[in-house]
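Accompanying notes for the structure given below.
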Amino acid sequence: MNAPRVDANVVFSALLKGGKTLDIFLLNRGYKRFEFVAPEFLMVEIKNHEDEIVRRTGLSIEKLGKVLTFLEAEIEFVPFEEFTELYEEANRISPDPDDVQYFALALKLKGAIWSNDKALKRQSAVEVFSTGDVLKLL
(Lines give C-alpha, C1' and ligand atoms only; values in the text may rest on other atoms or scores of the structure.)
Protein backbone atom coordinates (compact mmCIF):
# COMPACT_ATOMS: atom_id res chain seq x y z
CA MET A 1 0.00 0.00 0.00
CA ASN A 2 2.10 2.90 -1.28
CA ALA A 3 -0.44 5.70 -1.48
CA PRO A 4 -3.42 5.55 0.87
CA ARG A 5 -6.07 8.11 -0.04
CA VAL A 6 -6.52 10.25 3.06
CA ASP A 7 -10.12 10.95 4.06
CA ALA A 8 -11.12 14.27 5.63
CA ASN A 9 -12.01 12.62 8.94
CA VAL A 10 -8.39 11.45 9.29
CA VAL A 11 -7.03 14.96 8.87
CA PHE A 12 -9.68 16.42 11.18
CA SER A 13 -8.78 13.75 13.74
CA ALA A 14 -5.09 14.65 13.49
CA LEU A 15 -5.97 18.31 13.99
CA LEU A 16 -8.56 17.89 16.75
CA LYS A 17 -7.18 14.98 18.75
CA GLY A 18 -3.60 14.41 17.65
CA GLY A 19 -2.99 10.92 19.05
CA LYS A 20 -2.35 7.93 16.81
CA THR A 21 -3.52 9.70 13.67
CA LEU A 22 -0.98 12.49 14.01
CA ASP A 23 1.63 9.93 15.12
CA ILE A 24 1.23 8.13 11.78
CA PHE A 25 2.03 11.32 9.87
CA LEU A 26 4.99 12.03 12.16
CA LEU A 27 6.38 8.48 11.96
CA ASN A 28 5.86 8.31 8.23
CA ARG A 29 7.92 11.46 7.80
CA GLY A 30 10.91 9.46 9.01
CA TYR A 31 10.08 5.99 7.67
CA LYS A 32 8.70 7.11 4.29
CA ARG A 33 6.50 3.99 4.23
CA PHE A 34 3.52 5.70 2.60
CA GLU A 35 2.91 8.45 0.08
CA PHE A 36 -0.37 9.95 1.27
CA VAL A 37 -2.67 11.50 -1.33
CA ALA A 38 -6.03 13.27 -1.16
CA PRO A 39 -8.37 15.20 -3.40
CA GLU A 40 -7.45 18.87 -3.55
CA PHE A 41 -10.81 19.83 -2.07
CA LEU A 42 -9.74 18.37 1.30
CA MET A 43 -7.87 21.59 2.04
CA VAL A 44 -10.98 23.58 1.14
CA GLU A 45 -12.95 21.51 3.66
CA ILE A 46 -10.36 22.18 6.35
CA LYS A 47 -10.20 25.90 5.65
CA ASN A 48 -14.01 26.05 5.77
CA HIS A 49 -13.87 24.60 9.31
CA GLU A 50 -10.82 26.53 10.51
CA ASP A 51 -12.75 28.54 13.14
CA GLU A 52 -14.35 25.37 14.54
CA ILE A 53 -10.95 23.64 14.69
CA VAL A 54 -9.43 26.59 16.56
CA ARG A 55 -12.40 26.66 18.97
CA ARG A 56 -12.36 22.89 19.63
CA THR A 57 -8.58 22.49 19.95
CA GLY A 58 -7.66 25.70 21.69
CA LEU A 59 -4.84 26.14 19.17
CA SER A 60 -3.98 29.64 18.06
CA ILE A 61 -4.38 30.43 14.37
CA GLU A 62 -0.56 30.49 14.19
CA LYS A 63 -0.16 27.00 15.71
CA LEU A 64 -2.98 25.62 13.58
CA GLY A 65 -1.20 27.07 10.55
CA LYS A 66 1.99 25.21 11.51
CA VAL A 67 0.15 21.90 11.89
CA LEU A 68 -1.63 22.44 8.57
CA THR A 69 1.67 23.27 6.88
CA PHE A 70 3.11 20.01 8.23
CA LEU A 71 0.11 17.98 7.02
CA GLU A 72 0.16 19.70 3.62
CA ALA A 73 3.81 18.65 3.26
CA GLU A 74 2.90 15.03 4.08
CA ILE A 75 -0.07 14.74 1.70
CA GLU A 76 -0.01 15.10 -2.08
CA PHE A 77 -3.16 16.92 -3.17
CA VAL A 78 -4.60 15.86 -6.53
CA PRO A 79 -6.81 18.18 -8.59
CA PHE A 80 -10.29 16.87 -9.43
CA GLU A 81 -9.49 17.10 -13.15
CA GLU A 82 -7.06 14.21 -12.77
CA PHE A 83 -9.73 11.73 -11.68
CA THR A 84 -12.99 13.25 -12.90
CA GLU A 85 -13.57 10.37 -15.35
CA LEU A 86 -14.14 8.03 -12.40
CA TYR A 87 -16.59 10.27 -10.54
CA GLU A 88 -19.74 8.52 -11.78
CA GLU A 89 -18.43 5.06 -10.91
CA ALA A 90 -17.30 6.33 -7.51
CA ASN A 91 -20.72 7.86 -6.94
CA ARG A 92 -22.31 4.43 -7.39
CA ILE A 93 -19.81 2.84 -4.97
CA SER A 94 -19.49 5.41 -2.19
CA PRO A 95 -21.82 4.86 0.79
CA ASP A 96 -21.58 8.61 1.54
CA PRO A 97 -22.02 11.35 -1.08
CA ASP A 98 -19.41 13.45 0.75
CA ASP A 99 -16.76 10.81 0.02
CA VAL A 100 -17.24 10.35 -3.73
CA GLN A 101 -14.05 12.24 -4.62
CA TYR A 102 -12.03 10.02 -2.26
CA PHE A 103 -13.44 6.93 -3.95
CA ALA A 104 -12.81 8.36 -7.44
CA LEU A 105 -9.19 9.07 -6.52
CA ALA A 106 -8.77 5.61 -4.99
CA LEU A 107 -10.14 4.05 -8.18
CA LYS A 108 -7.83 6.19 -10.32
CA LEU A 109 -4.75 5.21 -8.29
CA LYS A 110 -5.94 1.63 -7.71
CA GLY A 111 -5.46 1.93 -3.98
CA ALA A 112 -7.09 2.05 -0.59
CA ILE A 113 -8.68 4.79 1.51
CA TRP A 114 -7.51 5.61 5.04
CA SER A 115 -10.64 6.51 6.98
CA ASN A 116 -12.20 5.77 10.34
CA ASP A 117 -15.68 6.11 8.86
CA LYS A 118 -17.11 2.59 9.28
CA ALA A 119 -19.81 3.30 6.70
CA LEU A 120 -17.15 3.38 3.97
CA LYS A 121 -16.47 -0.30 4.54
CA ARG A 122 -20.02 -1.11 3.37
CA GLN A 123 -18.77 -1.62 -0.17
CA SER A 124 -16.24 -3.99 -1.66
CA ALA A 125 -14.78 -2.06 -4.61
CA VAL A 126 -12.20 -0.09 -2.62
CA GLU A 127 -10.33 -1.28 0.45
CA VAL A 128 -10.71 0.98 3.50
CA PHE A 129 -8.08 1.04 6.25
CA SER A 130 -8.69 2.40 9.74
CA THR A 131 -6.03 4.30 11.66
CA GLY A 132 -5.26 1.08 13.55
CA ASP A 133 -4.77 -0.78 10.26
CA VAL A 134 -2.40 1.89 8.92
CA LEU A 135 -0.45 1.93 12.19
CA LYS A 136 0.08 -1.85 11.95
CA LEU A 137 1.39 -1.45 8.39
CA LEU A 138 3.79 1.31 9.43
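The values are calculated or read from the model by the stated rules, or taken from the named source; none is laboratory data. These figures come from a predicted structure and were not determined experimentally. Note: ideal-geometry Cβ built from the backbone for every residue, glycine included; neighbour counts use all protein chains shown. The protein model used for the area step is the full one, side chains on, heavy atoms only, and it has no ligands, DNA or RNA in it. Shrake-Rupley method; radii C 1.70, N 1.55, O 1.52, S 1.80 Å.
Leaving ligands, DNA and RNA out of it, report the carbon-plus-sulfur percent of the accessible area of the stretch 1-100 at a 1.4 Å probe.
49
Using Cα pairs closer than 8 Å and at least 6 residues apart in sequence, work out the relative contact order for the chain, in percent.
Over the chain, the number comes to 32 percent.
Sum -39500 (n - 2.57) across every DSSP H segment of at least 4 residues in the chain, then divide by the residue count to get the 222 nm mean residue ellipticity, nearest 500.
The helix contribution divided over the chain gives -16000 deg cm²/dmol.
How would the stretch 71-138 be classified by its alpha-carbon gyration tensor: rounded, prolate or oblate, with rounded meaning a/c under 1.5 and the a/b versus b/c comparison settling the rest?
oblate
Tilt of helix 100-109 relative to the longest C-alpha principal axis of the chain, in degrees (0 to 90, nearest 10)?
For helix 100-109, the angle is close to 70 degrees.
In this model, which of K20/K108; K47/K136; K20/K118; K66/K118 are farther than 24 Å apart at the alpha-carbon?
K20/K108; K47/K136; K66/K118
How charged is the neighbourhood of V100? Take every other residue with its Cβ under 10 Å from the Cβ of V100, and add Lys/Arg as +1 and Asp/Glu as -1.
Charge balance in the 10 Å sphere: -4.
With all distinct Cα pairs included, what does the Kirkwood hydrodynamic radius of the stretch 1-110 come out to in Å, to one decimal, could you say?
One decimal place: 14.6 Å for the Kirkwood radius.
What whole-number value in Å² describes the accessible area per residue of the stretch 1-127 for a 1.4 Å probe?
Roughly 55 Å² per residue, with all protein chains present.
Could I have the simple spin-label model distance between E62 and K121, label points 7 Å from Cα toward Cβ, reported in nm to one decimal?
My value for the distance between the label points is 4.2 nm.
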